[in-house]
Amino acid sequence: MIGFILNIPYTIVGLVISLISIPTKLEFRKNPYAFMVKVKKFWWVFGYVKNARAVVIGHVVIFGSNLEDKDLEHELIHVEQYQRMPLIQPILYYIELIRKGYKNNKYEDEAYRKAGNIYKGK
Ligand SMILES: [Zn+2]
């Protein structure tokens, strides 16, 4: 719960981004606490998230329309990472991303491993 509270600033950003992405479905779940938002379009994406099927910002999971098997499980691992390392998680993630790239960073590795889904990008 403390993690959820500390992450509120990110969660608010996540909810705002959900709103501008034209939400079509909203659900709240526990364990980990997460707002699950289905949106029409990630029209604002750039860079490495361009082909993302889902994005996690704080305790908000934003899903696009091209979801695949195990994507939900994968994104919930990222929410757990936020819960484990509140406030600093996005900073840790970006440091790791800059050092190792997307595919080999330990946060993605954990998410792919625990969710059992496969990275299909290049
Ligand atoms: Zn991921």
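The values are calculated or read from the model by the stated rules, or taken from the named source; none is laboratory data. Here the structure is a predicted model, which is why all the values come from computation and not from measurement. Because the Cβ atoms are built from the backbone with ideal geometry, glycine has one as well, and the counts that use them run over all protein chains shown.
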| field | Conditions (1) touching a Gly at 6+ places or on another chain (Cβ under 9 Å); (2) within 14 Å of the ligand (Cβ to nearest atom); (3) at pLDDT below 90; number of the one not met by LEU67 | value | (1)
| field | Residue, surrounded by the fewest Cβ atoms within 10 Å (Cβ to Cβ), within the stretch 37-64, restricted to residues that are part of a helix (DSSP H, G or I) and over 13 Å from the mean Cα position of the chain (by Cα) | value | GLY47
| message | Need pairs with beta-carbon distance below 8 Å; first residue hydroxyl-bearing (Ser, Thr, Tyr) and within the stretch 101-116, second modelled with pLDDT of 90 or more; sequence gap 6+ or separate chains. | response | TYR102/GLU108; TYR107/HIS78; TYR107/GLN81; TYR107/LEU92; TYR107/TYR93; TYR107/GLU96; TYR112/HIS74
| message | Quick check on my filter: what residues within the stretch 94-122 are modelled with pLDDT of 90 or more, assigned to a loop (DSSP other than H, G, I, E, B) and more than 11 Å from the ligand (Cβ to nearest atom)? | response | GLY101, ASN104, GLY116
| remark: All-but-one check, GLU75 against (1) in a strand (DSSP E or B); (2) within 14 Å of the ligand (Cβ to nearest atom); (3) not β-branched (Val, Ile, Thr), failing number (1)
| task | Only one of these is of a type in the set (Val, Ile, Thr), at negative phi and at pLDDT 95 or above: ILE20, ILE91. Name it. | result | ILE91
| message | I'm trying to understand the selection: among the residues of the stretch 1-29, which are free of Cβ contacts under 8 Å to residues at least 12 places away in the same chain and either polar (S, T, N, Q) or within 11 Å of VAL79 (Cβ to Cβ) (or both)? | response | ARG29
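Taking the stated definitions as given, is LEU87 out of contact with any Cys (no Cβ under 7 Å at 6 or more places or on another chain), in a loop (DSSP other than H, G, I, E, B), of a type outside the set (S, T, N, Q) and away from the ligand (no atom under 16 Å from the Cβ)?
Criteria met by LEU87.
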| Of all residues in the stretch 1-14, which are modelled with pLDDT of 95 or more and more than 19 Å from TYR93 (Cβ to Cβ)? | ILE5
